[in-house]
Amino acid sequence: MKKVVLAFAMLLAAFALAACGGGDDDTTSAESSAPAETQAEKPAEDEGAGDANALVFEADPDGALAFTEKNVSSAPGETTVEFNNPSSVPHNVEIESADGEDVVETDVITGGSETAKADLKPGTYTFFCEVAGHREAGMEGTLTVK
């Protein structure tokens, strides 16, 4: 009887892990020829964030000089920019306007997350990693605010 209960518990744990992990098969890496476009999400009002947008950028988890998305979109207004770098290679995210003006940037980090605030106006922006050589190697993308 104990073996049956143990087997059942292991089966439930396997289903729980499968439901929580793995990611979405529809996501694309920065190396894909047709990158997906990501929409900024609004945090729940009970989190105390009010009407601010949340915009998430992530460096390639394997340490490549790439973001996981090349095209990102957001609503205009006060925005929390979150940058996730799961790799041991140092990266950050910086956003600049179409005229080359710096809008916001995060600190350079490894194996963690960093946030910054920006007031985004409608338009097209470029996001990139400012670590020497990373942008030149293709670690950049387009942010569309509409």
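The values are calculated or read from the model by the stated rules, or taken from the named source; none is laboratory data. Given the structure is predicted, the values throughout are model-derived calculations rather than measurements. These area figures cover heavy atoms from the full protein model, side chains too; ligands, DNA and RNA do not enter into them. Shrake-Rupley method; radii C 1.70, N 1.55, O 1.52, S 1.80 Å.
Listed values, structure above:
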| read-out | value |
| --- | --- |
| Segment residue 126-residue 62, extension gain: residue separation times 0.36 nm, minus the distance between their alpha carbons | 20.8 nm |
| Residue 93 long-range amide H proximity, modeled H, under 5 Å | 106 |
| Cut-off under 5 Å, modelled amide H: who pairs with residue 70 long-range | 36 |
| Residues of segment 47-122: accessible area per residue with a 1.4 Å probe, Å² | 46 Å² |
| Of all accessible heavy-atom area on segment 99-146, the percent that carbon and sulfur account for (1.4 Å) | 44 percent |
| Amide H contacts of residue 135 (H built 1.01 Å from N, under 5 Å, at least 5 apart or other chain) | 129 |
